[in-house]
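Read through the structure below, which is laid out as structure tokens, and then see the notes.
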Amino acid sequence: MKRTLDQNRQLHLLLGKQGIDADTKKDMVYNYTEGRTTSSSEMHRMECQSLINHLRNSTPEEIRSDKMRKKVISLFIKQGYTLPNGKADMLAVEAWCEKYGYLKKPFNSYKYEELPKLVTQAENMYYSFLKTV
């Protein structure tokens with residue numbers, strides 16, 4: 001069953017309060033619908049409520065950290081670090097972070113203030129990859 005009008009109001013109010021842009025919103029909807037849609041109007045009630053609950057319990061810093069982590073994952077996917085089902089090979093991402101990441105620690109251990117440099121490293125790796133293709 002589709003989300004309610006009240007859920008729609010709550011969701012968009014929270015998105016606005018958190019300063020979440022349209023692209024990030026689409027990514028969040030995509031994740032909460034398990035890849036079914038990027039449009040909040042197509043969310044089911046339970047999916048929408050889960051996203052609302054997440055937004056209520058997350059700080060803007062946590063949401064921005066998630067966005068940076070997703071950017072790193074996206075860069076790995078673009079280089080072919082995927083599983084047979086098309087999802088990111090998170091073991092490869094973890095291994096890269098622990099071996100080559102500037103702090104040599106697990107991917108999800110990077111804090112908000114540390115992530116921009118990790119994103120830059122991943123971007124540089126991607127740009128090097130593009131030169132070889």
query: Taking the stated definitions as given, is residue 36 out of contact with any Pro (no Cβ under 8 Å at 6 or more places or on another chain), part of a helix (DSSP H, G or I), among the basic types (Lys, Arg) and open to solvent by 60 Å² or more (accessible area, probe 1.4 Å)?
result: no
message: Can you tell me which of (1) surrounded by 15 or more Cβ atoms within 10 Å (Cβ to Cβ); (2) within 22 Å of residue 34 (Cβ to Cβ) is the one residue 126 doesn't meet?
response: (2)
Hits in the range 81-95 (condition: more than 18 Å from the chain's Cα centre (by Cα) and modelled with pLDDT of 95 or more): 95
- prompt: Say we look at the range 93-109 and pick out the residues that are open to solvent by less than 50 Å² (accessible area, probe 1.4 Å) and part of a helix (DSSP H, G or I); which of these is nearest to residue 63 (Cα to Cα)?
  reply: 107
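Within the range 1-21, can you find the residues that are open to solvent by 70 Å² or more (accessible area, probe 1.4 Å) and either among the aliphatic types (A, V, I, L, M) or within 14 Å of residue 63 (Cβ to Cβ) (or both)? So that I can check it myself, show each step before the final result.
First, pick out the residues of the range 1-21 that are open to solvent by 70 Å² or more (accessible area, probe 1.4 Å): 1-2, 5-6, 9, 12-13, 17.
Within the range 1-21, 1, 5, 13, 17 qualify.
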Every residue from the range 39-54 that is crowded, with 17+ Cβ neighbours inside 10 Å and not charged (D, E, K, R): 40, 43, 48, 49, 51, 52
- request: Name every residue in the range 55-92 that is without any contact (Cβ under 8 Å) to a residue 40 or more places away in the chain, open to solvent by less than 50 Å² (accessible area, probe 1.4 Å) and within 20 Å of residue 24 (Cβ to Cβ), in order of residue number.
  value: 73, 74, 88
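The values are calculated or read from the model by the stated rules, or taken from the named source; none is laboratory data. In this text, all values refer to a predicted model and were calculated from it rather than measured experimentally. All Cβ positions, even for glycine, are placed from backbone atoms using ideal geometry, and neighbour counts span all protein chains on display. Keep in mind that these areas ignore ligands, DNA and RNA; they rest on the heavy atoms of the full protein, side chains included. Shrake-Rupley method; radii C 1.70, N 1.55, O 1.52, S 1.80 Å.
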